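Visitor: One structure, pasted below without further comment.
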Ligand SMILES: Cc1cc2nc3c(=O)[nH]c(=O)nc-3n(C[C@H](O)[C@H](O)[C@H](O)COP(=O)(O)OP(=O)(O)OC[C@H]3O[C@@H](n4cnc5c(N)ncnc54)[C@H](O)[C@@H]3O)c2cc1C
Ligand code: FES
């Protein structure tokens, strides 16, 4: 297996804490192997920085195989970098060329304050989940798994939506910093399943209200979220959610009227 | 060291195996509903085991505090599980039953697991599937709308439930959603980005934990009437593994130093189908699902040092060594057997690829037989993943694979109630030792995590709490303050490490020693060498590594240093344990104990026990306690896959 080594210029957002002022700092990194993953490239930089007595660049990762959603930054302005349908930890350096300049910044959104360097606080996504991202069933209450058959096609659609990894790339890529793709993915997973029906309208209502309160912006159908999504979650989920939301508001008006 | 022999109380209930759990549930004391609010429970870790436990106990009305070192409970190492989860539903009508799942798991564990626990695991397995389906987990379904199954990890029945290649993710998100519902209902207080550093123990009873807020660096005490650890496994002791970057042993290790026994620390599973180590500095390894062995054929060249590309090696110069050695099971032999066989051929100089530490997994024959489209439908995402990492096309060039550290069967010792030898300290999921013996079967870790969290701990913890008075120790108590001080001092030492090298250097070095001498095959000579090398690496770690920044901020270098410091100690214990166990069993292969054909040879007469080690203090040898295992149902036999 051949191994192209490259020299890179990195411009990385450094910010020592939530209230500190940040700035892009330039680093020259030599001898990067094309087989390295993008995060291993930052590991290499950090290794060199520490040996020189400089603090390492803070960034997040856990699984490093594209499933946990911990990693993610803007790479040359694109969430998770230039390749479609993958997370940053799955990006390999062979995508880049010797001599490239790479700008690396955190996911930016009002609802995602920076903690340090490339690490942001995404707890707002958990709060949306708290508002209705569940089926109300207590442990032990469940009937036999085969009590209700679910057409395969429905189960597959639910799975497509459920593939969301909660990384926040959709929010960071949206000019309004909306989290509607994230929210709708969860809501449609349940909307496709019989288990999700009893709370369906209420769920749509509560999740959207919480979303707006948390400082996420409105969705204006730009679809940037879909192109940035490492799991290629479809914006069709947003339409489905909007229909549920509309029905929910109608019901609510009927009740209050 | 002369191990002193003591017998541990496993508290296995009386009665026939299938009645034990029911009788025990009836006999255990209950906490009445009105009193539940008075009891507080701390749960550390929100992977499958911790999240399911926290949600279920919150629902019951306990005051729960849950902790994870990650930014959200939606993430945990559990999320990466691909293959699936076992249950004894027998939906395929192929002869499965609770008894068969129990039997397979005991046998698969090479007769080093506790029968009663395994039986209970098989019993509650079916309820797990029911629960997950009710939560909206989108398991794979057949056309008729009923759940699909696959056979996995060499099982002879189809009992594995799955959600594409993302079963762990879907199960974890199910548990996470149940947990978030409880957080919203205020029965659970969630503490993300908070790392447990120590257990608070007063008069031998666990009363709480010491934590570090990873954002502010603040070290605090949290107290409760019981502490539950669900902090996962320690495969990163070997540095390179399939485990997530955050996996660590700190919580378990600190509990161990406070008196909790560590059981079978040398028992670690090495998974045969991972992408091999390359020449550049890698941070972790990637698992290629075991299901690939259903269609891929494993081979190496017959000739030593044969450097020709795979397609230039003619059929009769290839050695399909698994098919040759194990005609009955062929490429589907269990993990431990497949891994060792790969190492053997590589040691003979017949390994392939740039490092010579890899074997081929070849799909040419399968593609010829069923067509490329069928193979794509089955394994497309795995092939893509392989290509992304290696830049090679597995449709035309055979995959290169090699075994890698994957799962740790060892962990804190627990009794039937999942309580450690420290009253009030419970341990769930991969962090405990109990159900998989010397070798875990595929799709059974997810099952165990959720069994422990949803269906075991909610009962057994009540049995404990009913006998204690709530709120005995508060965060301002002397023990709590003392605990804060000790952890602060520990972190001060870490921050002040003033060498020149990153911590990673020493972790890698430790991992290499573990891999070389306490990995796939072990012998007394190598283990003794490792026992000398590890304290030396540890000493250099403390002297020569460097942590920049301070403790009062978000500092990933510091977090990592704390975890590596604990691995440095665990490594030595794992080696001791491997030295002590002179038999081969499951994943623990002692070269001195093998049959003429090179298969593992157990020594039931001398080693039908769980080795539970007691920490005796810095620089002192550990003390060995033995829990004798009785096999009343499944009589120990030699596992044969010939
Ligand atoms: C790649 C891969 C694939 C797998 N596939 C399968 C499969 O198909 N089927 C199967 O059955 N098993 C599989 N396994 C094994 C299985 O995924 C794990 O054994 C299981 O998920 C462990 O669950 P857990 O809840 O015990 O721990 P984990 O999921 O590891 O969770 C540990 C939790 O503890 C937290 N934590 C740890 N230390 C601390 C601390 N000091 N303070 C605070 N929090 C802490 C973590 O943040 C996390 O929340 C696979 C494993 C791997 C690596
Ligand atoms: S680190 Fe888990 S998705 Fe990238």
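Visitor: With respect to residue A:113, is the statement that it is within 11 Å of chain B (Cβ to nearest Cβ) and surrounded by fewer than 21 Cβ atoms within 10 Å (Cβ to Cβ) true?
Guide: So residue A:113 passes the test.
Visitor: Here's a follow-up. Test residue A:60 against the criterion of being facing chain B (nearest Cβ under 9 Å), assigned to a loop (DSSP other than H, G, I, E, B), closer than 26 Å to residue B:170 by Cβ and out of contact with any helix residue (DSSP H, G or I) (no Cβ under 8 Å at 6 or more places or on another chain), and give yes or no.
Guide: Spelling it out, residue A:60 is indeed facing chain B (nearest Cβ under 9 Å), assigned to a loop (DSSP other than H, G, I, E, B), closer than 26 Å to residue B:170 by Cβ and out of contact with any helix residue (DSSP H, G or I) (no Cβ under 8 Å at 6 or more places or on another chain).
Visitor: Tell me yes or no: at least one residue of the range B:190-204 is assigned to a loop (DSSP other than H, G, I, E, B) and either crowded, with 24+ Cβ neighbours inside 10 Å or more than 14 Å from chain A (Cβ to nearest Cβ) (or both).
Guide: For the range B:190-204, residues assigned to a loop (DSSP other than H, G, I, E, B) and either crowded, with 24+ Cβ neighbours inside 10 Å or more than 14 Å from chain A (Cβ to nearest Cβ) (or both): present.
Visitor: Take the conditions touching a helix residue (DSSP H, G or I) at 6+ places or on another chain (Cβ under 6 Å), in the same structural domain as residue B:79 (by TED's automatic domain parsing) and buried (at least 24 other Cβ atoms within 10 Å of the Cβ) and apply them to residue B:298. Does it pass?
Guide: No: the conditions fail for residue B:298.
Visitor: Please find, among B:353, B:349, the residue that is within 27 Å of residue B:268 (Cα to Cα), out of contact with any helix residue (DSSP H, G or I) (no Cβ under 9 Å at 6 or more places or on another chain) and modelled with pLDDT of 95 or more.
Guide: That would be B:349, the only listed residue that is within 27 Å of residue B:268 (Cα to Cα), out of contact with any helix residue (DSSP H, G or I) (no Cβ under 9 Å at 6 or more places or on another chain) and modelled with pLDDT of 95 or more.
Visitor: Related question: Can you tell me which condition residue B:278 does not meet? The list is (1) modelled with pLDDT of 95 or more; (2) surrounded by 19 or more Cβ atoms within 10 Å (Cβ to Cβ); (3) farther than 30 Å from residue B:413 by Cβ, and all the others hold.
Guide: (1)
Visitor: Would you say residue B:573 is assigned to a strand (DSSP E or B), under 30 Å from residue B:197 (Cα atoms) and outside the structural domain of residue B:237 (by TED's automatic domain parsing)?
Guide: Taking the combined requirement at face value, the residue does not satisfy it.
Visitor: I'd like the full set of residues that are facing chain B (nearest Cβ under 9 Å) and within 6 Å of ligand 2 (Cβ to nearest atom), limited to the range A:63-77.
Guide: Within the range A:63-77, A:63, A:64, A:66, A:67, A:68, A:69, A:70 qualify.
Visitor: Now for a separate question. (1) within 9 Å of chain B (Cβ to nearest Cβ); (2) more than 29 Å from residue B:216 (Cβ to Cβ); (3) in contact with a helix residue (DSSP H, G or I) (Cβ under 7 Å, 6 or more places away or on another chain): which one isn't true of residue A:29, the others all being true?
Guide: (1)
Visitor: Out of all the residues in the range A:66-91, which are away from ligand 1 (no atom under 16 Å from the Cβ) and assigned to a loop (DSSP other than H, G, I, E, B)?
Guide: A:72, A:73, A:76, A:77, A:80, A:81, A:82, A:83, A:84, A:85, A:86, A:91
Visitor: Here's a follow-up. Mind telling me which of the residues B:437, B:474, B:519 ends up being within 16 Å of ligand 1 (Cβ to nearest atom), in a loop (DSSP other than H, G, I, E, B) and in contact (Cβ under 8 Å) with a residue 60 or more places away in the chain?
Guide: Residue meeting the stated conditions: B:437.
Visitor: Looking at the structure I just gave you, is residue B:448 more than 14 Å from chain A (Cβ to nearest Cβ) and not in a loop (DSSP other than H, G, I, E, B)?
Guide: In short, yes.
Visitor: Pull up the range B:240-260, narrow it to residues that are in a loop (DSSP other than H, G, I, E, B), more than 11 Å from every other protein chain (Cβ to nearest Cβ) and within 18 Å of residue B:573 (Cβ to Cβ), then point me to the one that is nearest to ligand 1 (Cβ to nearest atom).
Guide: Taking the candidates together, the pick is B:248.
Visitor: Of all residues in the range A:46-85, which are surrounded by 21 or more Cβ atoms within 10 Å (Cβ to Cβ) and in contact with a strand residue (DSSP E or B) (Cβ under 9 Å, 6 or more places away or on another chain)? I'd like the intermediate steps shown before the answer.
Guide: Step one: filter the range A:46-85 for residues surrounded by 21 or more Cβ atoms within 10 Å (Cβ to Cβ), giving A:50, A:56-74, A:79-81.
The answer is A:50, A:57, A:58, A:59, A:60, A:64, A:65, A:72, A:73, A:74, A:80, A:81.
Visitor: Follow-up question, since we're still on this one. What do you reckon, is residue B:221 touching a helix residue (DSSP H, G or I) at 6+ places or on another chain (Cβ under 8 Å), more than 13 Å from ligand 1 (Cβ to nearest atom) and in a strand (DSSP E or B)? Talk me through it step by step, then tell me what you get.
Guide: Numbers: touching a helix residue (DSSP H, G or I) at 6+ places or on another chain (Cβ under 8 Å): yes; more than 13 Å from ligand 1 (Cβ to nearest atom): yes; in a strand (DSSP E or B): yes.
Spelling it out, residue B:221 is indeed touching a helix residue (DSSP H, G or I) at 6+ places or on another chain (Cβ under 8 Å), more than 13 Å from ligand 1 (Cβ to nearest atom) and in a strand (DSSP E or B).
Visitor: Checking the condition in contact with a strand residue (DSSP E or B) (Cβ under 6 Å, 6 or more places away or on another chain), within 15 Å of ligand 1 (Cβ to nearest atom) and either within 14 Å of chain A (Cβ to nearest Cβ) or assigned to a helix (DSSP H, G or I) (or both), which residue from B:66, B:51 passes?
Guide: B:66
The values are calculated or read from the model by the stated rules, or taken from the named source; none is laboratory data. All of these numbers come straight from a predicted model, not from anything done at the bench. Neighbour counts run over all protein chains shown; Cβ positions are idealised from the backbone, glycine included.
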